[in-house]
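Read through the structure below, which is laid out as structure tokens, and then see the notes.
Every number here is computed from the coordinates shown, using simple stated rules; none is lab data. Since the model is a prediction, treat every value here as computed from it, not as a measurement. A quick note on method: Cβ atoms are made from the backbone with ideal geometry, for glycine too, and the neighbour counts reach across all protein chains shown.
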Amino acid sequence: MRRKLFVGNWKMHGSLVANGSLLRDLKAAAWEAQGDLAVCVPACYLAQCSEILIRSGIALGAQDVSSHTTGAYTGEVSARMLQDFGCKYVIVGHSERREYHGETDEEIAHKAQRAMAAGLTPIVCVGETLAEREAGRTREVINMQMDAFLSVLEPEETNDLIVAYEPIWAIGTGMTATPEMAQEVHAMLREKLVEKSAEAGELVHILYGGSMRPKNARELLQMPDIDGGLIGGASLIAADFLAIAKSV
Ligand code: PEP
């Protein structure tokens, strides 16, 4: 049985003061969560958050990683650097990076590889736009996104990643996929993993992301292939993030 996992994606939010108070509130009540908790914070706050989270049981993650190991790449942060700060996870291929930074499937596959080589677990995001869904292309788009990174991984490496299904039209919009819509895609993602490695099909967490809130979490989390959430807006409020993590 996969234990549920709840990952907060803070995006470009936070400050030294706000992070301290959010993390202290989370730490105080983390024992109530019905699963594991993690927060993916802006890179400049990794040191602060890593110190606050020591022995808290809440894991730390980053929101992006370079596709290079080291070198003259101004502004980039390598997987090894993230590991230095105690990161366990890194989000890779979030739709905001694909859209605003032109990240390609190929680059995302390299980022996932770099993360794994440094001992981090990449949380690889896939998802369709509203236009693609309405054109009946959801399956095709997600297949392409999955194939891009699965094709560069060895079957046994596939066990060590997390997939997040994030329908782009649901991110930050207040629109959520119905549990049935999400489950249909999650089941398809699970099949893709099984094709690569039966073990990965069992082990890999598939998270749902897209306006997950305390009011809709329970229904989504009851679906057999939804193993937790990648949570944006609601992860910035300790009570909401914890309420989601208790909705199992
Ligand atoms: C996200 O940014 O990954 C996300 C799912 O955001 P939100 O929960 O705000 O829709």
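Working from the pairwise distances between different alpha carbons, so that the mean of 1/r is found and then inverted, what is region 97-191's Kirkwood radius in Å? After inverting the mean inverse Cα-Cα distance, the result is 14.1 Å. At 0.36 nm per residue, minus the direct Cα-Cα distance, what do residue 178 and residue 237 gain on full extension? Give it in nm, one decimal, please. Net length gain for the segment: 18.9 nm. Relative contact order for region 65-173: what percent, with Cα pairs under 8 Å and sequence separation of 6 or more? It rounds to 28 percent for region 65-173.
For residue 37, the amide hydrogen comes within under 5 Å of the amide hydrogens of 6, 59, counting only partners 5 or more places away or on other chains and with H modelled in the peptide plane. Quick check on region 86-126: take the gyration tensor over C-alpha atoms, sort the square-rooted eigenvalues as a ≥ b ≥ c, and tell me if it's rounded (a/c under 1.5), prolate or oblate. The shape class here is prolate. PRE reach from residue 69 (point 7 Å along Cα→Cβ): which of region 120-134 fall under 19 Å by backbone N? Those under the cut-off are 120-122. For region 165-171, backbone phi angles converted through the Karplus equation (6.51, -1.76, 1.60; θ = phi - 60°) give residue-by-residue couplings of 8, 10, x, 4, 5, 9, 7 Hz, Gly and Pro being listed as x.
If R0 equals 22 Å, the separation of the Cβ atoms of residue 55 and residue 25 corresponds to a calculated FRET efficiency of about 0.85.
Using the Cβ-Cβ distance between residue 248 and residue 12 with R0 = 30 Å, the FRET efficiency computed as 1/(1 + (r/R0)^6) comes to roughly 0.55. Per-residue ellipticity at 222 nm from helix content only, as computed over the chain with -39500 (n - 2.57) for each DSSP H run of at least four residues, stands at -12000 deg cm²/dmol. Annotation for residue 32 and residue 135: the two label points, set 7 Å from Cα along the Cα-Cβ direction, are 4.5 nm apart.
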